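Step one of this worksheet: look at the structure below.
The values are calculated or read from the model by the stated rules, or taken from the named source; none is laboratory data. A quick note: this is a predicted structure, and the numbers were derived from the prediction, not measured. Here Cβ is always computed from backbone atoms with ideal geometry, including for glycine, and neighbour counts include all displayed protein chains.
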Amino acid sequence: GAVVSQHPSWVICKSGTSVKIECRSLDFQATTMFWYRQFPKQSLMLMATSNEGSKATYEQGVEKDKFLINHASLTLSTLTVTSAHPEDSSFYICSARERGQGGYGYTFGSGTRLTVV
Amino acid sequence: QQPVQSPQAVILREGEDAVINCSSSKALYSVHWYRQKHGEAPVFLMILLKGGEQKGHEKISASFNEKKQQSSLYLTASQLSYSGTYFCGTEYNNNDMRFGAGTRLTVKP
């Protein structure tokens, strides 16, 4: 089955530093990947849609300059949290669906728990 | 655009049945159902496409009422392993999924 690998699983960083999270589709190509943010006991909130070879599409209220998304290839998307602050602490998770597989479910990465101290 | 999901929480005894509902105010392209265990990523259960439905598991099934833009997930003869938070995800166009608030399901022995 489709596998999405997300790294790191957790990261603790100091306030003001930047953190990069990687999302890879291991056995399929994905022209589109999605980045979600989840607070404890809450739903997954879509942050942005990552498009291979073009700019990401951000949801309303998500700061583009703070959450930098790069989708350099059909198997890799990265989310960089710039100048992280404690309020950015959260569970970040990516998902993808194989190119051309509309009508099928999405596969999620294992998530990254970010703690900013 | 976020779908409305109900109930917020359900507590069952092993073997009991449950229904989780998901509704949208906009026409849907598809409805997805996922289950998430604490601290883990959501796992795909099934998808229902406009004009049809697909069943992912024997004792877990789902329906999609196009006219009402509603979907229901049915869990029959629940098992302990069914515990988790269930999310419905809705696509209005291809590739733009939004999740409902989730339903926390607890199955007790």
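Is it the case that some residue within segment A:40-47 is basic (Lys, Arg) and under 22 Å from B:Phe99 (Cβ atoms)? Looking for residues that are basic (Lys, Arg) and under 22 Å from B:Phe99 (Cβ atoms), one finds at least one in segment A:40-47, hence yes. Only one entry of B:Ser30, B:Ser78, B:Ser24 meets the criterion of being surrounded by fewer than 22 Cβ atoms within 10 Å (Cβ to Cβ) and not aliphatic (A, V, I, L, M), and that entry is B:Ser24. Each residue in segment B:73-90 was checked for being touching a Leu at 6+ places or on another chain (Cβ under 8 Å) and within 12 Å of chain A (Cβ to nearest Cβ), and 5 of them qualify. On inspection, A:Thr49 passes the criterion of being under 24 Å from B:Gln36 (Cβ atoms) and touching a Phe, Trp or Tyr at 6+ places or on another chain (Cβ under 8 Å). Residues that are in a strand (DSSP E or B), polar (S, T, N, Q) and touching a residue at least 24 places away in the same chain (Cβ under 8 Å) do occur in segment B:27-49. The set of residues from segment B:36-50 being surrounded by fewer than 22 Cβ atoms within 10 Å (Cβ to Cβ) and more than 9 Å from chain A (Cβ to nearest Cβ) comprises B:Lys37, B:His38, B:Lys50. B:Asn93 meets the stated requirement of being at pLDDT below 90, over 20 Å from A:Gly1 (Cβ atoms), within 13 Å of chain A (Cβ to nearest Cβ) and surrounded by fewer than 14 Cβ atoms within 10 Å (Cβ to Cβ).
Being buried (at least 20 other Cβ atoms within 10 Å of the Cβ), within 14 Å of chain B (Cβ to nearest Cβ) and not in a loop (DSSP other than H, G, I, E, B), is that true of even one residue in segment A:73-85? Looking through segment A:73-85, at least one residue is buried (at least 20 other Cβ atoms within 10 Å of the Cβ), within 14 Å of chain B (Cβ to nearest Cβ) and not in a loop (DSSP other than H, G, I, E, B).
Criterion applied to A:Phe108, A:Phe67 was being surrounded by 15 or more Cβ atoms within 10 Å (Cβ to Cβ) and within 14 Å of another protein chain (Cβ to nearest Cβ), and the one residue passing it is A:Phe108.
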